[in-house]
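The values are calculated or read from the model by the stated rules, or taken from the named source; none is laboratory data. Small disclaimer: the values here were computed from a predicted structure and weren't measured. Because the Cβ atoms are built from the backbone with ideal geometry, glycine has one as well, and the counts that use them run over all protein chains shown. Note: accessible area is taken over every heavy atom of the protein model, side chains too, but ligands, DNA and RNA are not part of it. Shrake-Rupley method; radii C 1.70, N 1.55, O 1.52, S 1.80 Å.
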Amino acid sequence: LLLLCYTEEEAVIVTDLKNTDVFVGESATFTCEVSSPGVKNVQWWLDGSPLHNNFVTEISERDGTVHTLTLKDVACHDSGTVTFRAGSLISSAKLLVKGILLLA
């Protein structure tokens with residue numbers, strides 16, 4: 001008796017998140033690409049806090065493989081580590097929000 005088991009190919013990260021520097025008030029965009037569509041439990045985090053779609057946080061997905069996070073109108077306190085998680089896949093990058101020095 002021969003039993004053949006077909007398992008779904010495990011997705012891998014094709015393109016990791018990249019460290020991003022922006023100025024206060026700008027938008028910061030992070031993109032992570034996975035090898036196959038249909039990864040489960042996609043979540044975005046900023047310094048360990050989960051992120052959700054709202055008026056300053058835009059989370060999108062294209063073709064089931066390209067996952068994008070855009071943080072709008074960032075402030076200095078938004079600096080930290082952005083993390084993408086999908087099942088067992090994890091990618092992280094640093095966000096540095098730079099203040100604008102006004103000279104009198």
* To do: May I ask you to list pairs of residues, at least six apart or on different chains, whose Cβ atoms are under 6 Å apart, with the first in region 41-65 being under 13 Å from residue 29 (Cβ atoms) and the second being of a type in the set (A, V, I, L, M) and not in a strand (DSSP E or B)?
  => 44/51; 57/51
* Would you point out the residue of region 91-104, among those that are open to solvent by 30 Å² or more (accessible area, probe 1.4 Å) and in contact (Cβ under 8 Å) with a residue 40 or more places away in the chain, that is farthest from residue 30 (Cα to Cα)? => 100
* How many of the residues making up region 1-20 are open to solvent by 90 Å² or more (accessible area, probe 1.4 Å) and at pLDDT below 90? -> 10
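The rows are residues; the columns are (1) surrounded by fewer than 15 Cβ atoms within 10 Å (Cβ to Cβ); (2) at negative phi.
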site: 22; (1), (2): no, yes
site: 25; (1), (2): yes, no
site: 28; (1), (2): no, yes
site: 34; (1), (2): no, yes
site: 39; (1), (2): no, yes
site: 52; (1), (2): yes, yes
site: 57; (1), (2): yes, yes
site: 75; (1), (2): yes, yes
* Asked: Yes or no: residue 35 under 15 Å from residue 12 (Cα atoms), under 13 Å from the mean Cα position of the chain (by Cα) and touching a residue at least 12 places away in the same chain (Cβ under 8 Å)?
  -> no
* To do: Name the one entry in 64, 80 that is at pLDDT below 95 and open to solvent by less than 30 Å² (accessible area, probe 1.4 Å).
  => 64
